[in-house]
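Below: the structure, in C-alpha cells.
The values are calculated or read from the model by the stated rules, or taken from the named source; none is laboratory data. Note that the structure is predicted; figures quoted are calculated from it, not measured. Cβ coordinates were reconstructed from backbone atoms using ideal geometry, including for glycine residues, and neighbour counts include every protein chain displayed. These area figures cover heavy atoms from the full protein model, side chains too; ligands, DNA and RNA do not enter into them. Shrake-Rupley method; radii C 1.70, N 1.55, O 1.52, S 1.80 Å.
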Amino acid sequence: MKKKMLLIAASALFISFAVNAQGGGRMTIPERVKTVMDKLADFKLSSDKTALTDSAFTVYFRDQQKMMEDMRASGGQPDRDKMMEGRKKLGDERDEKLKKIFTDDQFKKWKDEIEPTTRRQRPAGGGNN
C-alpha cells in the first residue's frame, strides 16, 4: 500500500513539473497583445497606429475570451460550428479595423505570414490517447 501511494505521489509530482515546463498556463490578454505587437515590430507603426492596433487586438482577445467563457458556462458539449462561426466573426471584425490601420502590404503580410503564427499550436500526435 505504501509503495502504491509513493508511486501515485511521484507520478503527480512528475506530471506537475512536466506541465509547468511546457508553459501549462494560459496567457493573459495583455500578454497575448504584447506577443502579437512584438511580431508586428517591423511594421514600424507610428504611435497613433500602434495605439489603434493595440486596441484592436485587446478588444479581439477580450471578446474571444468572453465568448469562450459564455460557452463553458452554458454547460454541456460546446457546439463546434457555433464556436468556429463566432471566432470567424471576431476575426473579421478585427481585420476590418486592421485594414484601416495598416497599408495594403502590411495587411497582406499580417494575413499571410504573421496571423498564422499567432494561433495556438497543438502537439503532434494528438493528445487523446
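List of remarks:
- Within the stretch 39-50, the set of residues being within 19 Å of THR118 (Cα to Cα), of a type outside the set (Val, Ile, Thr) and outside any loop (DSSP other than H, G, I, E, B) comprises LYS39, ALA41, ASP42, PHE43.
Condition check ((1) farther than 30 Å from ASP81 by Cβ; (2) at pLDDT below 95; (3) assigned to a helix (DSSP H, G or I)) across all residues:
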{"residue": "MET5", "(1), (2), (3)": "yes, yes, yes"}
{"residue": "ILE8", "(1), (2), (3)": "yes, yes, yes"}
{"residue": "SER11", "(1), (2), (3)": "yes, yes, yes"}
{"residue": "PHE17", "(1), (2), (3)": "yes, yes, yes"}
{"residue": "GLY25", "(1), (2), (3)": "no, yes, no"}
{"residue": "LEU52", "(1), (2), (3)": "yes, no, yes"}
{"residue": "THR58", "(1), (2), (3)": "no, no, yes"}
{"residue": "LYS66", "(1), (2), (3)": "no, yes, yes"}
{"residue": "GLU69", "(1), (2), (3)": "no, yes, yes"}
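- Long-range neighbours under 6 Å by Cβ, at least six apart or interchain, first residue over 17 Å from ASP92 (Cα atoms) and surrounded by fewer than 17 Cβ atoms within 10 Å (Cβ to Cβ) within the stretch 49-78, second modelled with pLDDT under 95 and not aliphatic (A, V, I, L, M): MET71/PRO78
- Test: residue in the stretch 91-103 that is in a helix (DSSP H, G or I), modelled with pLDDT under 95, among the acidic types (Asp, Glu) and open to solvent by 30 Å² or more (accessible area, probe 1.4 Å): no
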